[in-house]
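Asks: Handing you a structure now.
The values are calculated or read from the model by the stated rules, or taken from the named source; none is laboratory data. Just so it is clear, the model here is predicted, and its values are computed rather than measured. Cβ: placed from backbone, ideal geometry, glycine included. Neighbour counts: every protein chain shown. We work out accessible area using only protein heavy atoms, side chains counted, and drop any ligands, DNA or RNA first. Shrake-Rupley method; radii C 1.70, N 1.55, O 1.52, S 1.80 Å.
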Amino acid sequence: MTRAVGYAADPRIRFAEWLPWLAAVAGFFLLPEYLPLGARILTYVLFALSLDLILGYAGIITLGHSAFFGLGAYVAGILAAKLGVTDPLLLLLAAACAAGALGIATGAVILRTHGLTQLMLTLAIAAVCLEIAHKATSITGGADGLSGITIAPIFGAFKFDLYGRTAYLWCLALLFAGWWVTRKMIYSPFGATLCGIRENSVRMHAIGVPVYRRLLTAYTISAMLAGLAGALLAETNQFVGLNVLGFEPSGELMVMLILGGVGRLYGAFVGPLVYLIAQDFLAKQFPEYWYFGIGLMLVVVVLFARGGILGIADRIVARARKYV
Amino acid sequence: MEVFLSSLVSVAFHGIAYGMILYVISVGLSVTMGLMGFVNLAHGAFAMAGGYVLTSAISRFGLSFPLALALAFIAVAAASVLLERWLYSRLYDAGELEQVLFTIGLIFMAVAAAQVTFGMLQRPVLLPDYLKGQISVLGRDFPAYRVFLIAVSSAMIAALWFGVERTLWGAMVRAAVDNRAMAQSIGINTRRLFTLTFALGSGLAGLGGALGAEIIAIQPTYPFEHLAYFLIVVAVGGLGSLRGPFAAALLIGVSDTACKYWLPQFGAFFIYVATIFLLLWRPAGLFGRRV
Amino acid sequence: MSALLETRDLCKSFGALRVAENISFHLEAGARHALIGPNGAGKTTFVNMLTGLLPPSSGLILLGGEDITGLAQAARVKRGIGRTFQINTLFRDMSVLDNVALGVAERRGMAARVWHPASRYHDVREEALGLLETLGLAEDSGKRVVDLPYGKQRLVEIAIALGLKLRVLLLDEPAAGVPALESGMILQVLDRLPGEIAVLIIEHDMDVVFRFAQRITVLVEGTVLCEGTPPEIAGDARVQRVYLGERYG
């Protein structure tokens with residue numbers, strides 16, 4: 001958590017912060033055959049960013065963040081497949097609103113609790129969402145998944161093509177918007193307040209901060225971003241499966257964020273990138289070892305490298321500076 | 001009416017059997033969370049390990065069922081001592097997030113290891129003949145295995161409660177749950193106490209997993225799939241308590257069985273919803289000690 | 001004259017254990033008041049009830065005549081009653097400036113703004129820096145709190161409270177754990193607290209109490225044993241028996 005935010009932090013965007021975007025644009029031209037994977041990575045970066053806001057900055061531990069992602073995906077999918085709403089922007093809006101509504105409703109409940117009870121509640125809420133999606137087969141397709149999603153061209157002009165070019169750029173544009181909003185928030189007084197709550201909520205109460213209300217705001221915004229990411233997944237895959245809901249995808253997302261580095265904004269970029277690329281290459285050949293490796297990595301990161309990849313990079317840079 | 005009554009008895013019976021297993025598996029989780037404040041999400045992996053020890057001991061090495069049960073307890077308890085000493089103990093003072101992540105990592109590893117070693121399919125339990133038939137109790141037939149399961153669980157629970165309430169070890173555990181610093185200052189070796197208690201809790205989980213292998217199928221995704229139920233038992237029952245989780249486990253066992261019997265189209269929906277409302281009503285659980 | 005802070009028959013019990021019994025207490029504007037009593041006398045319980053951390057079992061708390069008994073902590077701070085903590089509960093990994101600025105921004109109603117960067121709120125920063133300057137911490141404003149010596153951390157604690165512009169300030173053992181060399185620094189700061197603030201100090205160090213307080217209340221086993229000026233308290237036989245006795249007797 002070394003990225004300084006707060007009242008003395010320089011909010012200007014540094015050069016290094018443009019690098020992910022340059023890389024993403026370069027990827028579009030240089031790796032055309034990997035665009036579908038790229039779109040998936042961009043979607044998960046947005047999802048991870050939403051988790052970083054509440055986990056990394058506000059310090060809320062949740063095992064059920066997939067509830068918002070899944071809800072967003074299903075709302076967009078159902079609207080498109082069953083109700084004939086095909087405008088991609090409208091679908092995103094609807095998904096974000098639905099996820100935000102779920103966020104405010106569940107946040108109002110879980111943020112009053114702490115510790116095991118809070119963990120348990122987030123898990124139970126995600127489990128309820130999974131059960132509903134699983135059992136309401138007539139609407140969600142149940143275990144077979146929801147297919148038959150058709151999406152109209154973006155702004156009536158850009159069709160989702162077979163090579164995933166439009167999908168990639170669409171994801172990139174939305175991630176950019178999501179990143180911009182999140183970054184603005186983190187550098188704002190509100191962001192500083194969230195960090196204060198994470199560091200010491202007792203003290204925040206004592207300086208007059210309505211902690212619960214601030215957390216609820218952050219939680220709702222995070223839910224909306226996650227819902228947006230879920231809807232993006234539905235639009236670009238034109239399919240929604242049960243695997244977007246429940247404990248496993250929540251855990252997986254947490255793994256990605258931890259791998260990249262929590263509470264440093266760009267950990268949410270690095271984590272999904274590394275995880276999903278590794279998964280694409282390794283998981284198909286060695287599914288069991290892949291899972292084992294993920295677990296091992298998590299254990300090692302927790303025991304030895306709490307800052308994740310970016311934390312390690314920081315330390316290497318710091319050490320290099322010492323010798324130069 | 002007769003049919004309804006009969007299914008009522010049947011649901012109660014199976015529900016109690018299920019609840020007993022849930023309790024034997026989860027009680028260790030309640031105690032370790034209450035005693036050490038450690039959020040051990042990987043607890044289900046110990047139960048799964050117990051199940052695999054049992055099935056392998058019987059099918060590969062031809063051990064008798066009771067011996068295989070005992071082995072499940074001992075092997076899992078022994079393995080957990082190593083894990084506790086090497087890994088868990090490093091994180092006693094770490095934050096909740098670290099503990100959660102670490103134990104999720106252990107779950108991933110356990111799931112993968114089980115897949116590699118035992119394959120994706122669920123492992124059948126080879127029951128001895130004397131547990132296969134029906135036993136007639138009060139003019140009604142019950143599956144012998146479940147009667148056995150309830151009997152063994154009850155014996156274990158009685159032994160556990162006696163141990164915690166009447167022995168020196170139990171007194172030390174209760175003291176340490178109440179106030180760790182105080183317990184340390186009066187000379188209790190909390191380090192060793194933790195290891196022992198962790199081993200006992202994990203051993204019980206292994207035993208529960210083995211004993212309940214017929215009810216909760218032993219397969220690699222076990223620690224993921226049933227985690228929520230184990231946590232519900234602990235959260236609803238109240239941390240660090242022995243009796244709370246017992247009541248909670250029976251409640252969940254019976255209501256889950258009832259829901260799945262009469263309202264299968266809703267699956268576990270009601271259990272989760274009920275848990276949410278219950279925790280809202282009493283955040284520290286039904287029998288939690290915090291005000 | 002009506003008191004700025006008043007409690008009427010404040011009680012708190014945990015089950016059968018009564019930790020506060022009928023505490024009736026007044027604090028005038030500008031008061032320098034000390035609350036003393038042996039360990040377990042219920043001083044911390046009393047402060048926790050005043051700040052809203054613990055709900056009293058019965059009784060009333062009035063601030064400037066307004067009943068605040070049912071208000072949450074944050075709402076009480078907004079009305080002007082707040083505290084410092086006995087053990088350091090600072091934002092350890094944040095800069096000294098941010099520690100103070102968080103409270104200042106909250107008081108000014110700017111802490112929930114999302115649009116502009118925090119560093120753009122110059123008046124918040126200037127006010128926080130000004131406070132640090134009066135406490136002699138200006139040079140440390142960019143340092144992380146964990147990197148400060150303990151005595152200075154105690155000063156940051158006071159700086160945060162001052163940033164809230166309180167009417168009633170509850171100081172929970174401000175000098176606790178501070179090495180003798182640095183405790184003079186804390187006393188100086190206490191002497192220079194703005195005159196109009198009513199200060200209630202809870203302190204074990206009798207030198208600090210008798211130097212600082214104009215009035216003293218003695219709490220024993222959850223009830224007020226007596227109240228008076230420092231010489232009165234020092235001369236009170238009951239106080240000497242239950243409290244001072246163990247120290248000076």
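Asks: Taking a cut-off of 21 Å between Cα atoms, list the lysines near residue C:152, but don't count ones fewer than 8 places away on the same chain.
Replies: Excluding near neighbours in sequence, the set is C:143, C:165.
Asks: Are there trypsin sites (Lys or Arg not before Pro) in region A:209-285 that DSSP puts in a loop and that have at most 10 other Cβ atoms within 10 Å, and which ones? Numbers along the way, then the final one.
Replies: Working: sites: A:213, A:214, A:264, A:284; in loops: A:264, A:284.
Those satisfying the criteria are A:284.
Asks: Still on this structure: Enter the accessible area per residue of region B:21-219 (Å², integer; probe 1.4 Å; all protein chains in place).
Replies: On the way: 8130 Å² over 199 residues.
Result: 41 Å² per residue.
Asks: As a check on your grasp of the helix formula, calculate [θ] at 222 nm for chain B: sum -39500 (n - 2.57) over DSSP H runs of n ≥ 4, divide by the residue count, round to the nearest 500. Walk me through the numbers before you get to the answer.
Replies: Working: 12 runs with 207 residues, N = 291.
One gets -24000 deg cm²/dmol as the mean residue ellipticity at 222 nm.
Asks: Something else now. Run lengths n ≥ 4 of DSSP H only: what is the helix-derived mean residue ellipticity at 222 nm for chain C, with -39500 (n - 2.57) per run over all residues, to the nearest 500? Can you show the working numbers first?
Replies: Numbers: 9 runs with 84 residues, N = 249.
Taking each H run of at least 4 residues, the total per residue is -9500 deg cm²/dmol.
Asks: Still on this structure, please answer the following. Kindly compute the accessible surface that chains A and C hide from a 1.4 Å probe when together, both sides summed, and give it to the nearest 100 Å². Before the final figure, lay out each step's value.
Replies: Values: alone 16110 and 11970 Å², together 25360 Å².
The summed interface area works out to 2700 Å².
Asks: OK, next. With a 1.4 Å probe, how much accessible area is buried between chains B and A, both sides summed, in Å² to the nearest hundred?
Replies: Accessible area lost upon association: around 3600 Å².
Asks: Now, a different point. How large is the accessible surface per residue of region A:274-324, computed with a 1.4 Å probe and reported in Å² as a whole number?
Replies: Values: 3370 Å² over 51 residues.
About 66 Å² of surface per residue is accessible.
Asks: A follow-up question, please. Enumerate the amide H contacts of residue C:13 below 5 Å, restricted to partners 5 or more residues apart or on another chain; note that Pro and chain-start residues carry no placed amide H.
Replies: Counting only residues 5 or more places away or on other chains, the set is C:19, C:57.
Asks: Now a separate question. Residues of region A:276-302 losing 10 Å² or more of accessible surface, assembly versus chain alone, probe 1.4 Å, please list them.
Replies: Residues passing the criterion (a loss of at least 10 Å², heavy atoms only) are A:288, A:289, A:291, A:292, A:294, A:295, A:296, A:298, A:299, A:302.
Asks: Another question, if that's okay. Compute the FRET efficiency between residue A:305 and residue B:136 as 1/(1 + (r/R0)^6), taking r as their Cβ-Cβ distance and R0 = 51 Å, and round to the nearest 0.05.
Replies: On the way: r = 61 Å, r/R0 = 1.20.
The value I calculate is 0.25.
Asks: Toward the positive end of the charge dipole of region A:15-323, about the Cα centre and with charges on Cβ (Lys, Arg +1; Asp, Glu -1), which of A:105, A:202, A:293 goes farthest?
Replies: So the residue we want is A:202.
Asks: Related question: Accessible area drop of at least 30 Å² (1.4 Å probe, protein heavy atoms): which residues of region A:93-124 qualify, relative to the chain alone?
Replies: With the partner chains in place, region A:93-124 has these residues losing at least 30 Å²: A:109, A:116, A:117, A:119, A:120, A:121, A:123, A:124.
Asks: Right, something else. Give the cross-link partners of residue A:135 among the lysines, using a straight C-alpha distance below 26 Å as the criterion and excluding same-chain residues fewer than 8 apart.
Replies: Answer for residue A:135, where 26 Å is the Cα cut-off: A:82, B:260, listed by chain and number.
Asks: For residue C:79 and residue C:108 in the same chain, what is the full-extension length gain: residue separation times 0.36 nm, less their Cα-Cα distance, in nm?
Replies: Working: separation 29, 0.36 × 29 = 10.44 nm, distance 1.28 nm.
Contour length minus Cα-Cα distance gives 9.2 nm.
Asks: With both bridge residues required to lie in the protein assembly as shown, what share of the DSSP beta bridges run antiparallel, to the nearest 5%?
Replies: On the way: 27 of 43 bridges.
Of all bridge pairs located within the protein assembly as shown, approximately 65 percent are antiparallel.
Asks: State to the nearest 20 debye the size of the charge dipole of region A:15-323 about its Cα centre, where the only charges are +1 on K and R beta carbons and -1 on D and E beta carbons. Don't skip to the answer; put the middle values down first.
Replies: Numbers: 19 positive and 14 negative charges, 201 e Å.
In total the dipole reaches around 960 debye.
Asks: Could you look at chain C and say what percent of its accessible area is carbon and sulfur, using a 1.4 Å probe and all protein chains? Spell out each step's value before the answer.
Replies: Working: 5490 of 10600 Å².
Percent of accessible area from carbon and sulfur atoms in chain C: 52.
Asks: I've got another one for you. Where the accessible area of chain B is counted over protein heavy atoms with a 1.4 Å probe, how much of it, in %, is carbon and sulfur?
Replies: Values: 8250 of 12250 Å².
C and S fraction of accessible area: 67 percent.
Asks: Count the DSSP beta bridges whose two residues both fall in region C:5-248, then state the antiparallel fraction as a percent rounded to the nearest 5. Can you show the working numbers first?
Replies: Numbers: 20 of 36 bridges.
Counting DSSP beta bridges with both partners in region C:5-248, the antiparallel share is about 55 percent.
Asks: While we're looking at this one, here's another question. Heavy-atom accessible area of residue C:26 with all protein chains present, probe 1.4 Å, nearest 10 Å²?
Replies: Solvent-accessible area, nearest 10 Å²: 90 Å².
Asks: When the chain is fully extended, how far beyond the present Cα-Cα distance does residue B:93 get from residue B:9, taking 0.36 nm per residue of separation?
Replies: Working: separation 84, 0.36 × 84 = 30.24 nm, distance 4.75 nm.
Between residue B:93 and residue B:9, full extension yields an extra 25.5 nm.
Asks: Provide the per-residue ³J(HN,Hα) series for region A:125-139, in order, calculated from phi with Karplus coefficients 6.51, -1.76, 1.60 and θ = phi - 60°, each as a whole number of Hz, with x at glycine and proline positions.
Replies: 5, 4, 5, 4, 4, 4, 4, 4, 4, 5, 8, 7, 4, 5, 9
Asks: So, in nm, how far is label residue A:282 from label residue B:266 when the simple model puts each one 7 Å beyond its Cα toward the Cβ?
Replies: 4.3 nm
Asks: I've got another one for you. How large is ³J(HN,Hα) for each residue in region B:68-84, as worked out from phi by the Karplus curve 6.51 cos²θ - 1.76 cosθ + 1.60 (θ = phi - 60°), to whole Hz, x for Gly and Pro?
Replies: Result, ordered by residue: 5, 4, 4, 4, 4, 4, 5, 5, 5, 4, 5, 4, 5, 4, 4, 4, 5 Hz.
Asks: While we're looking at this one, here's another question. Find the centroid of the Cα atoms in region B:111-133 and in region C:144-198, then give the distance between the two in whole Å.
Replies: Here the answer is 65 Å between Cα centres.
Asks: In addition: Using a 7 Å offset from the Cα along the Cα-to-Cβ direction at both residue A:89 and residue A:312, what is the distance between the two label points in nm, to one decimal?
Replies: Placing both labels 7 Å beyond Cα along the Cβ direction yields 4.3 nm.
Asks: Something else about it: Dipole size in debye (nearest 20) for the protein assembly as shown around its Cα centre, Lys and Arg Cβ +1, Asp and Glu Cβ -1? Write out the running numbers ahead of the final one.
Replies: On the way: 66 positive and 57 negative charges, 83 e Å.
With Lys and Arg at +1 and Asp and Glu at -1, about 400 debye.
Asks: Turning to a different aspect of this structure: To the nearest 500 deg cm²/dmol, what mean residue ellipticity at 222 nm is calculated for chain A from DSSP H runs of n ≥ 4 alone, each contributing -39,500 (n - 2.57), summed and divided by the residues?
Replies: Details: 14 runs with 221 residues, N = 324.
Taken over chain A, the calculation gives -22500 deg cm²/dmol.
Asks: Mind checking C:108-114 for the average number of partner chain beta-carbons within 10 Å of each residue's beta-carbon? Please report the intermediate quantities before stating the final value.
Replies: Values: counts 1, 0, 4, 12, 9, 5, 11.
Neighbouring Cβ atoms belonging to other protein chains average 6 per residue here.
Asks: For region B:274-286, just list the computed ³J(HN,Hα) in residue order, Karplus coefficients 6.51, -1.76 and 1.60, θ = phi - 60°, integers in Hz, with x standing in for Gly and Pro.
Replies: Result, rounded to whole Hz: 4, 4, 4, 5, 5, 6, 6, 6, 9, x, 8, x, 4.
Asks: With a 1.4 Å probe and all protein chains left in place, how much of the accessible area of region A:256-303 comes from carbon and sulfur atoms, in whole percent?
Replies: Numbers: 1370 of 1800 Å².
Answer for region A:256-303: carbon and sulfur cover 76 percent of the accessible area.
Asks: Something else about it: State to the nearest 20 debye the size of the charge dipole of region A:1-93 about its Cα centre, where the only charges are +1 on K and R beta carbons and -1 on D and E beta carbons. Working shown, then result.
Replies: On the way: 5 positive and 5 negative charges, 16 e Å.
Here the size comes out at about 80 debye.
Asks: Given a 1.4 angstrom probe, what's the average accessible area per residue across region C:5-248, in square angstrom?
Replies: On the way: 10170 Å² over 244 residues.
Roughly 42 Å² per residue, with all protein chains present.
Asks: Cα centroids of region C:1-41 and region A:256-294: how far apart, whole angstrom?
Replies: 56 Å
Asks: Mind ranking C:49-59, A:248-258, A:166-176 by how tightly packed they are, going by the mean number of other C-beta atoms within 10 angstrom, highest first?
Replies: Details: C:49-59: 18.8, A:248-258: 24.0, A:166-176: 21.5.
Final packing ranking: A:248-258, A:166-176, C:49-59.
Asks: Can I ask one more? Nearest 0.05, what FRET efficiency do residue A:152 and residue A:184 give at R0 = 25 Å with Cβ-Cβ as r? Provide the component values of the computation, followed by the final result.
Replies: Details: r = 30 Å, r/R0 = 1.22.
Working from the Cβ atoms, E equals 0.25.
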